[in-house]
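Inspection log for the structure reproduced underneath, given as structure tokens.
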Amino acid sequence: MLDGFFKGIKDYLSKILGVRGVRRIGCYGSPNAGKTTLANRIAMDFAGKEMGTVSPVPHETREVTELEHVELAHNKKKLVINLVDTPGIATKIDFEEFVKFGIGKKAAKERAKEATKGVIDAIKWLDKMDVVLAVMDATKDPYTQVNITILGNLEARKIPVIIVANKVDLKKADINNIKKMFPQYPVIGISAKTGKNMDELYKTIFEVAK
């Protein structure tokens, strides 16, 4: 009886204060699309700290990382989320890809092994997501096997998706290519690096993460 009473009070306060239940939001995409840069941007904006290391070397992020209880604020409303950064999804991971960046053969093989496990773990974590930010490099062709696979998995699981067209600060960026390819999803063009248009992304997150 008391549990019901306190739940009613909590629901009432949540309604008048604009606070919703905790939502788990994950950043997914290809290697070097800017997932960790985006996760870092969100974490810095609302938690004052970064989540991971950014590097031009593919698969710098090889483990799923979760930052709990991040309070997003927009238009006097709050949304509490657990922010998840995931390893880049790839259909093939070759250790020679890392050797090109000056990494020794032994270390490169270990990195490839870790990256492969990271991809598997990232896919498993999809079942835990309430909303996914599908991060795409706006300077590249969005019609890739990885993007199709990610969106297909999300659609099968009926998980809400926001496509984040990243790197709009670069001259080659073309958001329209992504919008034309995936017209059924909201597409928000941002620069996770510079912070451009992040307010629009936050607005969309509030709309989708109901």
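Bear in mind that the values in this text are calculations on the coordinates, not laboratory data. If you're wondering where the values come from, they're calculated on a predicted model, not measured in any experiment. Every residue, glycine as well, gets a Cβ built from its backbone with ideal geometry; the counts of neighbours run over all protein chains shown.
How would you rank Glu50, Glu71, going from fewest to most other Cβ atoms within 10 Å of each one's own Cβ?
Numbers: Glu50 16, Glu71 11.
Listed from fewest to most nearby Cβ atoms, that is Glu71, Glu50.
Angle check, please: helix 2-17 long axis (alpha carbons) against the longest principal axis of the chain (alpha carbons), in degrees 0 to 90, nearest 10.
Here the helix axis deviates by roughly 70 degrees.
For the range 161-210, what is one quarter of the convex hull surface built on the Cα atoms, given in nm²? All intermediate terms of the calculation are to be shown ahead of the outcome.
On the way: hull surface 13.7 nm².
That works out to 3.4 nm².
Rounded to whole Å and sorted largest first, what semi-axes of the equivalent ellipsoid does the C-alpha gyration tensor of the range 46-91 yield via the square root of 5 times each eigenvalue? Kindly include the intermediate steps, with their values, before the conclusion.
Working: eigenvalues 138, 24, 18 Å².
Three semi-axes, in Å: 26, 11, 9.
Provide the percentage of antiparallel DSSP beta bridges, counting only those with both residues in the chain; round to the nearest 5. Don't skip to the end; give the middle numbers.
Working: 9 of 30 bridges.
Expressed as a percentage, antiparallel bridges in the chain total about 30.
Express the relative contact order of the range 92-175 as a whole percentage, based on alpha carbon pairs under 8 Å and six or more residues apart in sequence.
Working: 75 pairs, mean separation 23.9, N = 84.
Once divided by the residue count of the range 92-175, the mean separation gives 28 percent.
Gap in Å between the Cα centre of the range 60-78 and the Cα centre of the range 99-127?
What the calculation gives is 24 Å, centre to centre.
Dipole of the chain (Lys/Arg Cβ +1, Asp/Glu Cβ -1, origin at the Cα centre): which of Ile93, Gly34, Gly152 lies farthest to the positive side?
Projecting each Cα onto the dipole axis, the largest value belongs to Gly152.
Against the globular-protein guess of 2.2 N^0.38 Å, express the Cα radius of gyration of the chain as a ratio, rounded to two decimals. Mind showing how you got there, number by number?
On the way: Rg = 18.1 Å, N = 210, 2.2 N^0.38 = 16.8 Å.
Normalised Cα radius of gyration, the chain: 1.08.
If you fit an axis through the alpha-carbon atoms of helix 198-208 and take the longest principal axis of the Cα set of the chain, what angle between them do you get, 0 to 90°, nearest 10?
The two axes meet at around 60 degrees.
Please report the relative contact order for the chain, taking Cα pairs under 8 Å with a sequence separation of at least 6, and give it as a percent rounded to a whole number.
Values: 386 pairs, mean separation 44.5, N = 210.
The normalised contact order for the chain reaches 21 percent.
Ignoring everything except DSSP H segments at least 4 long, calculate the 222 nm mean residue ellipticity for the chain; use -39,500 (n - 2.57) per segment, divide by total residues, nearest 500.
Numbers: 7 runs with 85 residues, N = 210.
Computed ellipticity for the chain at 222 nm equals -12500 deg cm²/dmol.
Do the alpha carbons of any pairs in Lys35/Lys179; Lys109/Lys158; Lys124/Lys172 sit beyond 28 Å of each other, and which pairs? It would help to have the intermediate numbers written out before the result.
On the way: Lys35/Lys179 19 Å; Lys109/Lys158 36 Å; Lys124/Lys172 33 Å.
Violating the 28 Å limit, Cα to Cα: Lys109/Lys158; Lys124/Lys172.
Tally Lys/Arg at +1 and Asp/Glu at -1 over every other residue whose Cβ is under 13 Å from the Cβ of Asn75; what's the total? Present the calculation step by step, with values, prior to reporting the outcome.
Numbers: positive: Lys76, Lys77, Lys78, Lys203; negative: Asp199, Glu200, Glu207.
Once positives and negatives cancel, what remains is +1.
With θ set to phi - 60°, apply the Karplus curve 6.51 cos²θ - 1.76 cosθ + 1.60 along the range 114-126 and write out the HN-Hα couplings as whole Hz, x wherever there is a Gly or Pro.
5, 5, 5, 4, x, 5, 4, 5, 4, 5, 4, 5, 4
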